[in-house]
Amino acid sequence: MNGNGDFLLNVQADTGFIETDRIRELTERSLAYVTAGYPVHFCGPAGSGKTTLALRLAEQIGRPVALIYGDDETRSSDLVGGPSGFSRHRLVDNYIHTVLKTEESMNQHWVDQRLLVACREGLTLVYDEFTRSRPEANNVLLSILEERVVSLPSLKMNGSYIRVHPNFVAIFTSNPEDYVGVHQAQDALRDRLVTMYLDSFDWETEVAITRSRSGLSHEEATMVVSIVRGFRGLDGHGLRHSIRDCIKIAKILCQLHARARPDDPVFMQTCRDMLVSQVPFSEAPRAWERLQGLLKRNIMQDVMASQTAN
């Protein structure tokens, strides 16, 4: 890998990966898109499983993975590569003592970055949160995804461009544009992607993931998911309490040997810490009252009934 193998991600089968009907359908559909030659873009709120799904897709593709994280300070040179220092060579020829000849040369070094290596060697690129990079930094992707060519500065020793390897595949993830620190992607780049919008997981998937990641019983995992899903519609602030909240609550219960029951003080306090803490401070007392009411009634039956009705 020309000395760049240290940044390649070894994606192996995740034995704890939960594959419900919904997840299987998303994976198979996205795999069909990349097989047809189209880059896939998973867009959704925090906790919707974008990165996990992207890495799952990369695993099924079966090629080494180059992972990039979007950042506001990222430049095109951070993706493709650029000059990095100089080397100086000086030759002194005094073979004839009455004649002194000197020759000096200076060469500029070039360092390949992950995107260039992935394009050249046919790797799978996972560009996580790509819209957190400024749009101008991602301009280099336009010719890569359409013309399958990487444009390089003329000082690159191997020429001003290279052809993209036929096995190169690109997978992107992003948050919605209303998130802080997210830039609007240029239309030309979005037009080259197949965008798949992700929302909260379905009921079955959330319960299965919570059980897998924590070790709770099905009944108690269902109670945790019921509380979190129920609170999503009660906080009144548009917060997206995700599967991560379910997992955090479930793991704490397992660690402290507590039960997911309304009469368990550890469960009550953990739900308060994980859920109420995300609302504005001035609204916290009211949110806690709502959560207490949710915890003290048979929310599990109510939510499961509504899920059956839908």
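All of the numbers you see were taken from the coordinates with simple rules; none came from a lab. Keep in mind the model is a prediction, meaning the values are calculated, not measured. Counting neighbours? That spans all protein chains shown, and the Cβs are built from the backbone with ideal geometry, glycine included.
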Worksheet item: Under the Kirkwood approximation for Rh and a Cα-based Rg, what ratio Rg/Rh is obtained for the stretch 11-72?
Response: 0.94
Response to the item:
Cα-Cα pairs in the stretch 156-204 separated by more than 17 Å, as a whole percent of all pairs, come to 61 percent
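Show me 256-264, 132-140, 241-249 ranked by packing, highest mean number of other Cβ atoms within 10 Å first.
Values: 256-264: 14.9, 132-140: 17.9, 241-249: 21.9.
Most protected by this proxy first, the peptides run 241-249, 132-140, 256-264.
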